[in-house]
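Trainee: My questions all concern the structure below.
The numbers here are math on the coordinates, done by the rules we state, and not lab data. Every value quoted in this text rests on a predicted model; they were computed, and no experiment measured them. Methodologically, a virtual Cβ is constructed for each residue, glycine included, from the backbone with ideal geometry; neighbour enumeration extends over all protein chains shown.
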Amino acid sequence: MKIFLLVMLIVAGFIWLKPREELPKEFPHFVTADLRGNVVTEKIFYGKITAIILWTNSQPCLDVLKDLNAVAEDLPPHCQILGLIGDKNFDAAQIESFSPIVQLKVNDDFAPILTKVKAVPTAIFVDRHGNLIEPPKLVPNAKFILRELKLLTEKDSPKFKTLHSLHEKFF
């Protein structure tokens, strides 16, 4: 019994001490296309706080995309929402018919961040310079995205103060 407990403690120690995977500090540089064939790069982030929604053809993802219609009208100034299609099987015409946001086609350029995402729909928040603001977050609904963007832009919110403080130190 003592040997079993000792082995369990050693195994638990290795699991607990295993180094965490580091997230990149900035969104990877990329060149891709949107659904209309326009070339898009990371320059799309410059000057705006961006919520990037990684989605697939699953029903929870499609529900969030459809609900973005109402949210898109209430975005704070200098904010945007982009879709990142994480599925090769999608109907571009259908997506454009109900989603008001720019949809980007995923490619290998996105691998440094997408390999860290465990579930969809996931939001990745990026600042005006293309830096990740916080780790990717599972999106329960479209209102969540709007709330997070408002917190990142309202001067009295703790998120805004933290973001502003980081920018003063590093930029």
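Trainee: Given a cut-off of 18 Å, name the pairs among K105/K137; K66/K143; K43/K143; K66/K118 whose C-alpha atoms lie farther apart than that in the structure shown.
Mentor: Correct reply: K105/K137; K43/K143; K66/K118.
Trainee: Could you list which residues have their amide H under 5 Å from that of C79, counting only those 5 or more apart in sequence or on another chain, with H placed in the peptide plane?
Mentor: Amide H neighbours of C79, under 5 Å, 5+ apart: I49.
Trainee: Oh, and also: With the Cα gyration tensor of region 25-170 giving a ≥ b ≥ c as the square roots of its eigenvalues, does the rule (a/c under 1.5 for rounded; else a/b larger than b/c for prolate; else oblate) give rounded, prolate or oblate?
Mentor: prolate
Trainee: How large is ³J(HN,Hα) for each residue in region 115-132, as worked out from phi by the Karplus curve 6.51 cos²θ - 1.76 cosθ + 1.60 (θ = phi - 60°), to whole Hz, x for Gly and Pro?
Mentor: Running phi through 6.51 cos²θ - 1.76 cosθ + 1.60 with θ = phi - 60° gives 5, 8, 7, 9, 8, 10, x, 10, 9, 10, 9, 10, 7, 5, 10, x, 8, 5 Hz.
Trainee: Sticking with this structure for a sec: With charges only on Cβ, +1 for K and R and -1 for D and E, what is the dipole size of region 56-135 about its Cα centre, in debye, rounded to 20?
Mentor: On the way: 6 positive and 11 negative charges, 47 e Å.
Its charge dipole is roughly 220 debye.
Trainee: Show the residues, 5+ positions off or on another chain, whose built amide H is closer than 5 Å to the amide H of N57.
Mentor: Amide H neighbours of N57, under 5 Å, 5+ apart: none.
Trainee: Ok, one more. Under 5 Å between amide hydrogens, which residues at least 5 positions from V120 or on another chain qualify, with H placed 1.01 Å from N in the peptide plane?
Mentor: none
Trainee: Let me ask something else about it. Pairs of Cα atoms under 8 Å, at least six residues apart: use those to get the relative contact order of region 28-150, whole percent. Mind dumping the intermediate values first?
Mentor: Details: 217 pairs, mean separation 45.0, N = 123.
That works out to 37 percent.
Trainee: Here's a follow-up. With r defined as the distance between the Cβ atoms of K25 and T56 and R0 fixed at 30 Å, what FRET efficiency is calculated, to the nearest 0.05?
Mentor: Values: r = 26 Å, r/R0 = 0.87.
About 0.70, to the nearest 0.05.
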